[in-house]
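Structure, as structure tokens:
The values are calculated or read from the model by the stated rules, or taken from the named source; none is laboratory data. Everything numeric here is computed off the predicted structure, so don't read it as measured data. Cβ placement follows ideal geometry from the backbone for every residue including glycine, while neighbour counts extend to all protein chains displayed. Ligands, DNA and RNA are stripped out before the accessible areas are found, and what is left, the full protein with its side chains, is counted by its heavy atoms. Shrake-Rupley method; radii C 1.70, N 1.55, O 1.52, S 1.80 Å.
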Amino acid sequence: MRPPPTDADLLAHVAAGDRAAFEAFYRRHAAWLVLRLRHRCPDDGLVDEVVQETFLDVWRGAARFHASPSSDVAGWLWRVGSRRLVDALRRRHSRDRLGRLLARFRRRDEPSAEEQVLLDVEHGDLSGALARLSPELRAVIQATVIDGLSTAEAAVLLGIPAGTVKSRAMRARQQLRAELT
């Protein structure tokens, strides 16, 4: 019976593109890598991402590992994984810091842009201008702008040709522009 391949043998085969060797290497090392990383980071989701990134690095960079009789494959894998974890934690910290910084600049009592547009539509000049449109033009604006339908979808909904939707939308925009400026 043949002895199982060494880690260095598996990495040599992985470097040559052998998926079976990669799967064997993964099965041999993934569980302990996950455990060691979880001792450093309590976020299971982040640890899982880091393990995936680590083994992607192994797949892409197995040729960079130079095997020698004293080679420590597990140590090499741990260095790759721990670096990936540090990078992930730095990215998370940067995102969190940016989020806190942006939150400071936005005052709590100030409405968001979406809220302001909705307020203007309900209570501003736009609401009155929309009300003064003919029912046909208002229906086209409702369908295409407010409901976000395409010209073809609005044509089906309103039961009119697509060209009519386009011309009514153009007339409605012109009328609104004239009233709001």
Rg/Rg_globular for segment 1-95, with Rg_globular taken as 2.2 N^0.38 Å and Rg from C-alpha atoms: 1.13
Please list ILE141, ILE160, ILE146 in order of solvent-accessible area, largest first, computed with a 1.4 Å probe with all protein chains present. ILE146, ILE160, ILE141
Please identify the DSSP H helices in the chain that span no less than 24 Å along the helix axis (Cα) and have a mean Kyte-Doolittle hydropathy of 0.0 or more. none
Length gained if ARG28 through ALA74 is fully extended, taking 0.36 nm per residue and subtracting the Cα-Cα distance, is 15.6 nm
With a probe of 1.4 Å, find how much accessible area the chain has per residue, and write the answer as a whole number in Å². 69 Å²
Could you work out the helix-only [θ] at 222 nm for the chain, with each DSSP H run of four or more residues adding -39,500 (n - 2.57) and the total divided by the number of residues, to the nearest 500 deg cm²/dmol? -24000 deg cm²/dmol
Per the Kirkwood treatment, what hydrodynamic radius in Å, one decimal, follows for the chain from the mean inverse distance over all distinct Cα pairs? 22.4 Å
How many nm separate the modelled label positions at MET170 and ASP48, each set 7 Å beyond the Cα in the direction of the Cβ? 5.3 nm
Over the chain, what percent of the accessible surface lies on carbon and sulfur atoms, probe 1.4 Å? 55 percent
Expected output is a single nm value to one decimal: the length gained when fully extending between ASP18 and ARG92, i.e. 0.36 nm times separation in residues minus the C-alpha distance. What is it? 23.2 nm
